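This report refers to the structure that appears directly beneath it.
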Amino acid sequence: MSILQVKNLVKRFGEQVALDGVNLTLNAGDTQVIMGPSGCGKTTLIRCLNLLEQPTSGEIQFHGEDMLGPDVDIRQLRSKIGFVFQNFALYRHLTVLDNVTLALRKLQGKSREQAQRLAREELAYFEMSAHEKKFPAQLSGGQKQRTALARTLVMQPEIVILDEPTSALDPLMSQEVASLITKLASRKVTSICVTHDIAFAEHISQNVVFMHGGKIMVQGSVVQLATASDIPEVMRFFGKVQYE
């Protein structure tokens, strides 16, 4: 069943066209991967999906409802479509526990006790209970990623968007994050993941779209894109031919 539909989405920054008629359908329970070279529009796309950027034109429908209408409650929408930022965006002056409880208290009006109970359940799920009193500077990259995921999932979103979740991690930590993301499906959480990491993408999903020049050029599994595509930009990205 479709949960999110993007129709002919365009985003311009002055004369620059960042998104040029993007169409994408996301079904409930999917893990959708978005790949492509730097500057292709993939980060702009996911920021539009969470309304961190306002599209120039086109449609985004969430459960069939227009997300771009004048009466949309953006804060409520963002509680349903969570966003895990590339640099984790943890508050440096707050402990792990306080980072995870903040939105529960400020946006959902939970008491401190309620918020801490929910946060501790989420931290336990991500094996971060022993670190709840630490500050972000005391955490490894993998632990920061776990904290960021816990902070997002404690809000019980229907969709989680992840922007380059392994960009700051070594290969071992990348495998760990891949395992965490595959676990989201068991919680019936739909996810969208932007990544440059081909091995990581192959691990987490068979649903991959490749973007170039603000457009979705092709979609399929990593293997299908890497071995069957005759599109030069796709071949270059997956290493079938070298850049001149």
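Every read-out reported here was derived from the displayed coordinates using simple, explicitly stated rules and does not represent laboratory data. Please read all numbers here as calculations on a predicted model, not as lab measurements. Using ideal geometry, Cβ is built from the backbone for each residue, glycine included, and neighbour counts are taken over all protein chains shown.
Below, the figures for the structure above:
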item	result
Length released on extending from A199 to S38, taking residue separation times 0.36 nm less the Cα-Cα span	56.2 nm
Likely footprinting exposure, D71, D230, D66, D98, fewest C-beta neighbours within 10 Å first	D71, D230, D66, D98
Fully extended contour minus Cα-Cα distance, from Q108 to V72, at 0.36 nm per residue	11.2 nm
Whole-angstrom Cα spans of region 2-237 along principal axes, big to small	54, 44, 33
Residue exposure sequence - H63, H93 - by fewest surrounding Cβ within 10 Å	H93, H63
Modelled FRET efficiency - R0 30 Å, K80 with S129, Cβ distances, 0.05 increments	0.65
Highest average packing first - 122-131, 211-220, 72-81, 192-201, Cβ atoms within 10 Å	192-201, 211-220, 122-131, 72-81
Cα-based reach from K11 at 17 Å (exclusive), listing lysines while leaving out same-chain residues under 8 positions away	K42, K215
Over region 2-237, relative contact order from alpha-carbon pairs under 8 Å, at least 6 apart, %	27
Kirkwood hydrodynamic radius of region 156-244, Cα pairs, Å	14.1
Around G214: net Lys/Arg minus Asp/Glu count, Cβ-Cβ under 10 Å	+3
Scaled radius of gyration (Cα, divided by 2.2 N^0.38 Å) that region 79-196 gives	0.98
FRET efficiency, 1/(1 + (r/R0)^6) with R0 25 Å, evaluated for D230 and Q156 via beta carbons	0.05
All-pairs Cα distance distribution in region 1-80, expressed in whole percent, bin size 10 Å	17, 53, 27, 2
Relative contact order (%) - criterion: Cα under 8 Å, at least six apart; region: region 180-225	27
Highest-MSF residue in the chain out of K144, K183, K42 [GNM, Cα springs under 10 Å]	K183
Packing-based exposure ordering (other Cβ within 10 Å, fewest first) of K133, K11, K110	K133, K110, K11
Cα Rg, Dmax (largest Cα-Cα span) when computed across region 35-76, Å	11.6, 35
